[in-house]
């Protein structure tokens, strides 16, 4: 299991507003617009790497070697093969409202009684509903329970499974011959994959086992209410995005007719290009920094690096012991 730091993600709309306000003379005259801002943002995030994307988790139910990936899927970080274990049931997040009562439903509105008054509720303050007619429509709320628990067993490895779309993976049923059998065939698997491999094809998660559950940790593309892709809430990354968008704006101005001379726009283009490059270096360093918990794990790993070579009867290590 790997450890990772999760950024807080915010909308890039304040950065767009800052760029348009600082370069308002170009935007007010219509020389440039913000149509390509989302494209520039996507270029910045791809250049910085997958660390700038949201890390999400989900459970994929593999049926006939395939499972559909989430809509916001970008790339796989970890894929764990899971097994079903007995556990406590949990209540589903969805509710179903109907007019029929079952064993798993509760009545929410209105309260029905044996009252024979054929008139609506009296409307008095503190009315307990005893005067409501029985024939009024009743609404029932249903919440189901699911008794399913999974345990992660081993980490799946990326491989090439059925490169062609219509290829079948039924050869895995004969795993003694192709996958993990006796020599000399134990190193051969069709499609350049092993029995515990996975592949991504046509927005589907493809495996070498027919049915099962996979715990997927993946990089996702999340958006705000305006359709803008979310960015990490980090000062260096935000500065890089702002300078890169300004640089692309002046590159757009250089490539079209404008009131300013070419030399003036060229100087501004070179200036913001240098700011963008410097900001990228700082942002790249920022996302590669170790947080406090990573430093703690590295120090512990370094201290225990040579413990396996310690003599078992050595006593002058001030309470330290071998970890093997």
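Quick one: would you say residue 85 is out of contact with any helix residue (DSSP H, G or I) (no Cβ under 6 Å at 6 or more places or on another chain), farther than 30 Å from residue 284 by Cβ and at pLDDT below 70?
When the stated conditions are applied, residue 85 does not pass them.
Please state which one of 253, 230 is in contact with a strand residue (DSSP E or B) (Cβ under 8 Å, 6 or more places away or on another chain) and assigned by TED's automatic domain parsing to the domain that holds residue 279. Spell out how you get there, then give the answer.
Values: 253 fails: in contact with a strand residue (DSSP E or B) (Cβ under 8 Å, 6 or more places away or on another chain).
Answer to the selection: 230.
Let's see how each residue does on (1) at pLDDT below 85; (2) in contact with a strand residue (DSSP E or B) (Cβ under 9 Å, 6 or more places away or on another chain):
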site	(1), (2)
49	no, no
59	no, yes
62	no, yes
72	no, yes
102	yes, yes
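With respect to residue 54, is the statement that it is modelled with pLDDT of 85 or more and touching a helix residue (DSSP H, G or I) at 6+ places or on another chain (Cβ under 7 Å) true?
Spelling it out, it is not the case that residue 54 is modelled with pLDDT of 85 or more and touching a helix residue (DSSP H, G or I) at 6+ places or on another chain (Cβ under 7 Å).
Can you find, within the range 145-167, the residue that is surrounded by the fewest Cβ atoms within 10 Å (Cβ to Cβ) among those that are outside any strand (DSSP E or B) and modelled with pLDDT of 70 or more?
My answer is 160.
Kindly establish whether residue 54 is in contact (Cβ under 8 Å) with a residue 60 or more places away in the chain, surrounded by 11 or more Cβ atoms within 10 Å (Cβ to Cβ) and more than 16 Å from residue 218 (Cβ to Cβ).
no
The values are calculated or read from the model by the stated rules, or taken from the named source; none is laboratory data. Here the structure is a predicted model, which means the values were calculated and not measured. As a convention, Cβ positions derive from the backbone with ideal geometry for all residues, glycine included, and neighbour counts pool all protein chains shown.
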